[in-house]
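The values are calculated or read from the model by the stated rules, or taken from the named source; none is laboratory data. All values reported here derive from a predicted model rather than from experimental measurement. Note: ideal-geometry Cβ built from the backbone for every residue, glycine included; neighbour counts use all protein chains shown. Quick note on the areas: whole protein, heavy atoms, side chains included, nothing else; ligands and nucleic acids left out. Shrake-Rupley method; radii C 1.70, N 1.55, O 1.52, S 1.80 Å.
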Amino acid sequence: RCEEEDVEMTEDAYAVLTRIGLETSLRYAMQLITAASLVARKRKGAEVGVEDIKRVYSLFLDESRSTQYMREYQEAFLFNELREHLGTP
């Protein structure tokens, strides 16, 4: 995928990205490539490094972390207020 998007990446960044792909999904890991490339360009780096991968990982949630976040903070979201207003569980 990196070749297709013309993204240069360090070996360590590949390793981190591979681990992310194994723990989340291949689709999520592939989407991080483009975002990490933009972060690397912004810092004027020649290639994507581990810090770039970590940065985009912290900015964009995968499905599992997104679901966990929604569960933890569900009381703070508007749909919870609507549920209470309507008297539904």
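The table that follows gives values for the structure above.
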{"item": "Principal-axis tilt of helix 26-42 within the chain, Cα atoms, nearest 10 degrees", "result": "60 degrees"}
{"item": "Debye log10 I(q)/I(0) for the chain, one point scatterer per Cα, at q = 0.11, 0.16 Å⁻¹", "result": "-0.42, -0.66"}
{"item": "Segment 1-42: trypsin sites (Lys or Arg not before Pro) in DSSP coil with no more than 15 other Cβ atoms inside 10 Å", "result": "Arg1"}
{"item": "Rounded to the nearest 10 Å², the accessible area of Lys54 at probe 1.4 Å", "result": "110 Å²"}
{"item": "Met9 long-range amide H proximity, modeled H, under 5 Å", "result": "Val48"}
{"item": "3J(HN,Hα) from dihedral phi, segment 18-25, Karplus parametrisation 6.51/-1.76/1.60, rounded to Hz, x for glycine, proline", "result": "5, 5, 4, x, 5, 8, 10, 7"}
{"item": "With every protein chain in place, the chain: carbon and sulfur % of accessible area (1.4 Å)", "result": "52 percent"}
{"item": "Segment 40-75 residues near the modelled Arg27 label - backbone nitrogen below 17 Å, point 7 Å along Cα→Cβ", "result": "60-68"}
{"item": "Helix 63-72 axis, angle to the chain major axis (alpha carbon atoms, nearest 10°)", "result": "40 degrees"}
{"item": "Extension reserve of the Arg71-Tyr14 stretch, reckoned as 0.36 nm per residue once the Cα distance is removed", "result": "17.4 nm"}
{"item": "With Cα atoms, 0 to 90° folded angle of helix 50-59 axis to the chain main axis", "result": "20 degrees"}
{"item": "DSSP loop chymotrypsin sites (Phe, Trp or Tyr not before Pro) with at most 11 other Cβ within 10 Å: longest gap in the chain", "result": "1-72"}
